[in-house]
1. Report the FRET efficiency, 1/(1 + (r/R0)^6), for residue 196 and residue 75, where r is their Cβ-Cβ distance and R0 is 25 Å, rounded to 0.05.
2. Which whole-angstrom value gives the distance between the alpha carbon centres of the range 46-96 and the range 125-166?
3. May I ask you to derive the FRET efficiency for residue 145 and residue 92 from their Cβ-Cβ distance with R0 = 45 Å, giving the value to the nearest 0.05?
4. Sorted by average packing, counted as other Cβ atoms within 10 angstrom per residue and highest first, what order do 173-183, 147-157 take?
5. Take the Cα pairs of the range 116-218, get the Kirkwood Rh, then feed it into Stokes-Einstein at 4 °C and 1.567 mPa s and tell me D in µm²/s.
6. If packing is taken as the average count of other Cβ atoms within 10 Å, what order do 198-204, 159-165 fall into, highest mean first?
7. Can you give the translational diffusion coefficient of the range 141-201 in µm²/s, computed by Stokes-Einstein from the Kirkwood radius over Cα pairs at 20 °C and 1.002 mPa s?
8. How high is the FRET efficiency from residue 163 to residue 205, r the C-beta distance, R0 25 Å, rounded to 0.05?
């Protein structure tokens with residue numbers, strides 16, 4: 001379970017990091033839909049943090065992680081991943097899980113973003129989401145140093161507009177959506193542990209400490 005959860009989160013949160021560490025960004029010739037404009041505008045802000053050499057590396061990492069968390073509704077994603085177990089949980093347990101989920105996400109951002117800062121993400125279009133409240137922004141991940149001529153992988157972002165400011169609520173790599181994968185993994189874990197949300201919270205806390213120790217050592 002530990003390696004499975006870590007792999008899922010690493011993949012998803014690295015993708016979020018890549019979305020905001022662009023060295024090149026382009027859009028279609030048409031006027032950008034609001035989801036594309038949201039991604040584009042915030043990339044500029046993210047780049048300003050990453051390129052601010054007046055800050056220490058640790059300060060840049062912290063500011064960048066906090067910036068990303070303002071764009072991604074981690075608490076809402078966390079509630080979704082609990083699946084049917086959320087209905088039987090107390091408000092206090094749900095809140096504790098949301099906090100553990102967000103702390104874990106932040107630790108992964110801080111540990112991994114620098115490793116992928118040379119990548120380029122290129123917007124190739126967008127399409128309607130499941131309903132009028134969301135939009136899927138389609139991008140491709142490009143490595144400027146790749147000379148192999150391989151087809152770049154597609155990374156998609158589901159942007160929601162139903163609760164005020166736009167927020168990213170899901171990521172897809174190669175057609176696999178993160179939130180659904182997390183939901184399956186978490187509910188599987190809870191099913192094996194008698195629905196004990198505290199066990200899942202503790203597991204995420206352990207992983208968070210591991211990532212922070214690794215980042216400190218690096």
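Readers should treat all values here as calculations from the given coordinates under stated rules, not as data from a laboratory. Small disclaimer: the values here were computed from a predicted structure and weren't measured. Every residue, glycine as well, gets a Cβ built from its backbone with ideal geometry; the counts of neighbours run over all protein chains shown.
1. Efficiency computed from Cβ-Cβ geometry: 0.75.
2. Going from one Cα centre to the other spans 19 Å.
3. Efficiency at R0 = 45 Å is approximately 0.40.
4. Sorting 173-183, 147-157 by mean packing, highest first, produces 173-183, 147-157.
5. In µm²/s, the coefficient rounds to 77.
6. 198-204, 159-165
7. This corresponds to a translational diffusion coefficient of 146 µm²/s.
8. Once the sixth-power term is evaluated, E becomes 0.35.
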